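Below: the structure, in structure tokens.
The values are calculated or read from the model by the stated rules, or taken from the named source; none is laboratory data. Source: prediction; values computed, not measured. Backbone-built Cβ (ideal geometry, glycine too); neighbour counts: all protein chains shown.
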């Protein structure tokens with residue numbers, strides 16, 4: 001019965017602060033005990049849900065603080081919001097390259113590309129041309 005009360009206390013703490021070490025210290029439950037409890041799949045599932053709920057709570061609180069900072073005209077808060085909520089202000093990467101077009105790959109290059117795609121599991125083996133092992137698949 002005491003274990004159930006301790007478990008519930010820890011789960012409630014995880015809903016407020018989803019950091020295992022902090023929740024364990026706050027409730028006086030050892031981390032080893034928490035991880036031992038997680039061997040029970042039902043408890044592990046409930047604990048994971050509590051952590052997700054806690055993360056959502058912290059996110060809501062953080063967004064509220066960010067909006068307060070924006071209202072106070074904090075430039076960094078304004079910049080952060082715009083970078084993550086408006087495409088015009090998002091971070092961009094510019095790539096400049098000189099590309100020359102090569103009409104065909106050599107058989108050796110084609111074989112290397114085919115093998116790389118196969119290893120990356122981007123092409124199933126049934127998409128290759130059985131008659132020509134070096135022929136790349138076409139879509």
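Could you please find all residues in region 83-106 being assigned to a loop (DSSP other than H, G, I, E, B) and surrounded by 10 or more Cβ atoms within 10 Å (Cβ to Cβ)? Outline the logic, then answer.
Initially, region 83-106 is screened for residues assigned to a loop (DSSP other than H, G, I, E, B), giving 86, 90-106.
Across region 83-106, the qualifying residues are 90, 105, 106.
Rundown of residues vs (1) touching a residue at least 12 places away in the same chain (Cβ under 8 Å); (2) closer than 30 Å to residue 13 by Cβ; (3) more than 25 Å from the chain's Cα centre (by Cα), yes/no style:
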position: 41; (1), (2), (3): no, yes, no
position: 46; (1), (2), (3): yes, yes, no
position: 52; (1), (2), (3): yes, yes, no
position: 58; (1), (2), (3): yes, yes, no
position: 65; (1), (2), (3): no, yes, no
position: 71; (1), (2), (3): no, no, yes
position: 88; (1), (2), (3): no, no, no
position: 91; (1), (2), (3): no, no, no
position: 98; (1), (2), (3): no, no, yes
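Does residue 33 fit the bill of being assigned to a helix (DSSP H, G or I) and closer than 30 Å to residue 81 by Cα?
Details: assigned to a helix (DSSP H, G or I): yes; closer than 30 Å to residue 81 by Cα: no.
It is false that residue 33 is assigned to a helix (DSSP H, G or I) and closer than 30 Å to residue 81 by Cα.
Could you check region 1-30 and list, in sequence order, the residues that are exposed (fewer than 12 other Cβ atoms within 10 Å of the Cβ) and outside any helix (DSSP H, G or I)? Working first, answer last.
As a first pass, look at region 1-30 and keep what is exposed (fewer than 12 other Cβ atoms within 10 Å of the Cβ): 1-5, 21, 28, 30.
Hits for region 1-30 are 1, 28, 30.
Could you tell me whether region 38-49 includes any residue that is in the same structural domain as residue 85 (by TED's automatic domain parsing) and under 30 Å from residue 85 (Cβ atoms)?
Yes, region 38-49 contains a residue that is in the same structural domain as residue 85 (by TED's automatic domain parsing) and under 30 Å from residue 85 (Cβ atoms).
Which number in (1) at pLDDT 80 or above; (2) under 30 Å from residue 64 (Cα atoms); (3) outside any helix (DSSP H, G or I) marks the one condition that residue 77 misses?
For residue 77, the failing item is (3).
Can you work out which of the residues in region 36-73 that are out of contact with any helix residue (DSSP H, G or I) (no Cβ under 7 Å at 6 or more places or on another chain) and assigned to a loop (DSSP other than H, G, I, E, B) is surrounded by the most Cβ atoms within 10 Å (Cβ to Cβ)? Please lay out each step first, then the result.
Quick first cut of region 36-73, residues out of contact with any helix residue (DSSP H, G or I) (no Cβ under 7 Å at 6 or more places or on another chain) only: 36, 39-42, 44-45, 48-49, 52, 55-56, 58-65, 67-68, 71-73.
Retained after the next criterion (residues that are assigned to a loop (DSSP other than H, G, I, E, B)): 39-40, 72-73.
On the way: 39: 8, 40: 12, 72: 9, 73: 8.
Per the stated criteria, the residue is 40.
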